[in-house]
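Trainee: The structure that follows is given in the form of C-alpha cells.
The values are calculated or read from the model by the stated rules, or taken from the named source; none is laboratory data. Computed from a predicted structure; not experimentally measured. So basically every Cβ, Gly included, is an ideal-geometry build from the backbone, and we count neighbours across all protein chains shown.
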Amino acid sequence: MKTYRTLWISDVHLGTKDCQAELLNDFLKHHHAQKLYLVGDIIDGWKMQSGIYWKKEFTRVIRRLLNLSKKGVAIDYITGNHDEFLRRFANNRFDNINLYNRVIHTTADGRKLLVIHGDQFDSVTRCHHWLRFLGNKGHTLLMALNRGYNSLRAKYGHGYWSLASFLKTHLPQAQMYIQEYEQGVAHAAAKQGFDGVVCGHIHHAASKRIGDIDYYNTGDWVESCTALAENADGTIHLINWRTGSSDSLTDGQDNKAEPARPFPQSVAARLSGSAPTPPDLDSNDAAPKNDPKIPALIIPG
Ligand SMILES: [Mn+2]
C-alpha cells in the first residue's frame with residue numbers, strides 16, 4: 001500500500017462498457033491518500049440516458065469511495081460534463097463527499113493549482129469538426145473496434161493495445177487538438193494567477209510544464225488507467241496502473257518544459273474574457289456554456 005498526500009483520478013465513466021472498474025478497484029486497494037479528488041466524468045450520466053449498463057464492479061467502486069470517505073479520506077468530487085446532472089448540486093456535501101464545479105488545491109510546496117474537469121475549455125480549440133466526429137458515434141465505433149481487437153489479442157496471448165492512442169499519436173488533427181487544449185488550459189490558468197492546473201476530460205494524461213504553468217492531466221479509466229499523486233513534499237507524478245509505470249514532473253523526457261505558444265487572437269480574446277463567450281471559470285456553480293450536443297469524450301483513450 002502506497003501512501004500519498006493527494007490523489008487525483010477522473011474520467012472513470014461508470015455505466016459504460018469501456019470503464020475499467022476492475023483496474024480502478026485494484027488501484028484504490030493499493031494506493032492511499034489523505035485527500036482524493038474525483039476530477040469529473042466519474043459516472044457517465046449521458047450514456048445512461050440511452051440505457052442502463054451496470055456491473056457489480058461499478059457498485060464496488062462507489063462502495064469503496066464511500067468507505068474511504070467514512071474512514072476519514074477527504075474526497076472532493078469535481079463535476080464533469082458527463083456527470084453534469086450533478087452540477088446544480090455543487091457546493092454541497094453528500095455524506096462525507098464535497099461536490100464542486102472547480103476547486104483550488106494548495107500543494108505541500110505551496111503551489112496553487114486549479115482543479116477542474118476541463119470541458120469548460122472545449123471552446124479554446126479550433127478542431128470542432130474532429131470533436132464532433134469522435135464525440136459520439138465515432139467514439140462508440142472506435143471503442144467497439146478496440147474491444148474486439150483486444151479480445152482477439154488476449155485470445156492469442158498478447159497484451160492490451162490501444163487503437164485510440166495509436167490514432168492520437170498518428171493523426172495530426174488529434175495531436176493539434178490535444179496541443180491546443182493543453183495550451184488553452186495553461187493560458188487560462190496563468191491568466192487567473194494559478195501556479196498550475198489539474199484537469200481531465202481529453203483522456204490524455206500529462207504532467208509537464210507549459211510556459212510558467214504546471215499542467216497536469218489525470219488521463220482516464222477507460223483506456224490509460226492513470227492517476228496523479230502528490231507526495232508529502234508536494235511533488236506530483238503520474239501513475240499508470242495498466243503499465244505499472246510512474247513519471248514525475250522533474251524527470252523523464254516527456255516532462256521537458258514546453259513554451260507557451262502564442263495564441264490565435266480570437267482564442268486569446270475569449271480566454272481573457274473580452275469576447276462574448278469566455279470559458280466558464282469565474283463561478284463555482286454556473287452550468288457549462290458549451291453546446292451540450294458536443295459530447296465531451298472527445299479524444300478517446
Ligand atoms: Mn469530460
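Trainee: Would you pick out the residues in region 15-43 that are within 16 Å of the ligand (Cβ to nearest atom) and either under 14 Å from the mean Cα position of the chain (by Cα) or surrounded by fewer than 18 Cβ atoms within 10 Å (Cβ to Cβ) (or both)?
Mentor: Within region 15-43, Cys19, Tyr37, Leu38, Val39, Gly40, Asp41, Ile42, Ile43 qualify.
Trainee: Can you name every residue in region 1-50 that is of a type in the set (S, T, N, Q) and under 22 Å from Asn98 (Cα atoms)?
Mentor: Once the filter is applied, which keeps residues that are of a type in the set (S, T, N, Q) and under 22 Å from Asn98 (Cα atoms), region 1-50 yields Thr3, Thr6, Ser10, Asn25, Gln34.
Trainee: Which number in (1) closer than 21 Å to Val103 by Cβ; (2) at pLDDT 50 or above marks the one condition that Ala268 misses?
Mentor: Ala268 satisfies all of (1) closer than 21 Å to Val103 by Cβ; (2) at pLDDT 50 or above except (1).
Trainee: Another one. How about region 87-185: which strands (runs of 3 or more DSSP E) wholly inside it have at least 3 residues that are at pLDDT 85 or above and farther than 28 Å from His237 by Cα?
Mentor: It comes to 92-94.
Trainee: Name the residue that is farthest from Leu28 (Cα to Cα), counting only residues in region 73-86 that are out of contact with any His (no Cβ under 6 Å at 6 or more places or on another chain) and at pLDDT 95 or above.
Mentor: Going through the qualifying residues, I end up with Thr79.
Trainee: Considering region 195-205 alone, what residues qualify as being within 16 Å of the ligand (Cβ to nearest atom) and touching a residue at least 40 places away in the same chain (Cβ under 8 Å)?
Mentor: Taking region 195-205 as the starting set, the residues that turn out to be within 16 Å of the ligand (Cβ to nearest atom) are 197-205.
Of everything in region 195-205, those that are within 16 Å of the ligand (Cβ to nearest atom) and touching a residue at least 40 places away in the same chain (Cβ under 8 Å) turn out to be Val197, Val198, Cys199, Gly200, His201, Ile202, His203, His204.
Trainee: Continuing with the same structure: Given the residues Asp233, Asp247, Asp212, Asp251, which is the only one that is loosely packed, with under 14 Cβ neighbours inside 10 Å and at pLDDT below 95?
Mentor: Being loosely packed, with under 14 Cβ neighbours inside 10 Å and at pLDDT below 95 holds for just one of Asp233, Asp247, Asp212, Asp251, which is Asp251.
Trainee: Can you name the residue in region 181-194 that is touching a helix residue (DSSP H, G or I) at 6+ places or on another chain (Cβ under 7 Å) and farther than 17 Å from Thr218 by Cα and is also nearest to the ligand (Cβ to nearest atom) among such residues?
Mentor: Applying the filter and picking the extreme gives Ala188.
Trainee: Further question: Ile239 passes all but one of (1) over 16 Å from Leu23 (Cβ atoms); (2) modelled with pLDDT of 95 or more; which number fails?
Mentor: (1)
Trainee: Of all residues being within 16 Å of the ligand (Cβ to nearest atom) and part of a strand (DSSP E or B) in region 1-14, which is farthest from Trp241 (Cα to Cα)? Just the residue, please.
Mentor: Here the answer is Leu14.
Trainee: Hey, another quick one. Being of a type outside the set (Val, Ile, Thr), under 24 Å from His139 (Cα atoms) and modelled with pLDDT under 95: is that true of Asp11 here?
Mentor: Criteria not met by Asp11.
Trainee: If you don't mind, another one. Which of the residues that make up region 144-161 are within 15 Å of Glu223 (Cα to Cα) and surrounded by fewer than 18 Cβ atoms within 10 Å (Cβ to Cβ)?
Mentor: Of the residues in region 144-161, the ones within 15 Å of Glu223 (Cα to Cα) are 144-151, 159-161.
Hits for region 144-161 are Ala144, Leu145, Arg147, Gly148, Tyr149, Asn150, Ser151, Gly159, Tyr160, Trp161.
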